[in-house]
Every structure is written in structure tokens, then in C-alpha cells.
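Q: Handing you a structure now.
Just so it is clear, none of the values below were taken in a lab; they were calculated from the coordinates. Because the structure is predicted, anything quoted here is derived from the model rather than measured. With ideal geometry, Cβ positions are generated from the backbone for all residues, glycine too; neighbour counts draw on all protein chains shown.
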Amino acid sequence: VQLQASGGGLVQAGGSLRLSCAASRSIFSRLAMGWFRQAPGKERELVATITTGGSTHYGDSVKGRFSISRDNAKNTVYLQMNSLKPEDTAVYYCAAYRSSKWEYWGQGTQVTVSS
């Protein structure tokens, strides 16, 4: 499964962005999906996950501001990011869960939030 993330960019604090992650195969509908991020000098952090049934989970730092969703017909998972803060600046990665681990990773997309 190949994952292609897009939608990153530069935005002012308080603004919004929507990230997309397209999967290469129809197996997508049978995989839980997630978004992670990594800021310079920091460890990779879980942002949000969504199960095959649509149940979601969010990291504490993004609860109430970010929303993860999926469109199985398009093999795509989204991350809607609202009320962005400078501390949200990071490279964002999408990932697919298989065989009890986050097995497949996208290439990452840069999100920069200016103050």
C-alpha cells in the first residue's frame, strides 16, 4: 500500500488546513488509518486515528480542533485542522495499520503555522 499525503502549507495562527492522504489500493477500507506529526527536535507524535468502522481518537493537544475522516470510495483519509497554533508546526505523516503495527507510511507534508 502506498500512501500519498498532501495539503500542507503555510498558514497564520487561527487558520485552517485540510490534509489528504490517498492510498493506492482498495484494501484501504479494511485498514485503520492515522495521522502523526514530527516537529524538529521532537519525537513523532500521534495526532488522530480512525478505525475501519469510523471510530476516532485524538491526541490531547489537538482535541476539539482537529477532525479525522475517511472516504473509502476514494481510498482517502483526511485531517481537518482548525484553530491552528504555532506549536502545530511539524511534518505530518499518514499511516495505515496492519499486522498489529503502523505498517505503511506516507512521505509527509509540511505544515507551518506562523504567529
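Q: Just how large is the dipole of the chain about the Cα centre, in debye to the nearest 20, putting +1 at every Lys and Arg Cβ and -1 at every Asp and Glu Cβ?
A: Values: 13 positive and 7 negative charges, 54 e Å.
Using only the charged Cβ atoms, the result is roughly 260 debye.
Q: If you don't mind, another one. Please report the net charge: other residues with Cβ closer than 13 Å to the Cβ of R98, K and R +1, D and E -1.
A: Values: positive: R25, R30, K101; negative: E103.
With Lys, Arg at +1 and Asp, Glu at -1, the neighbours total +2.
Q: Taking K and R as +1 and D and E as -1, what net charge do the other residues with C-beta under 15 Å from the C-beta of S61 add up to?
A: Here the count lands on +1.
Q: Please give me the summed charge of the neighbours of V1: other residues whose Cβ is under 11 Å from its Cβ, Lys and Arg +1, Asp and Glu -1.
A: Charge balance in the 11 Å sphere: +2.
Q: In addition: List the equivalent ellipsoid semi-axes of the chain in whole Å, largest first, each obtained as the square root of 5λ for an eigenvalue λ of the Cα gyration tensor.
A: Computed over the chain, the values are 23, 14, 13 Å.
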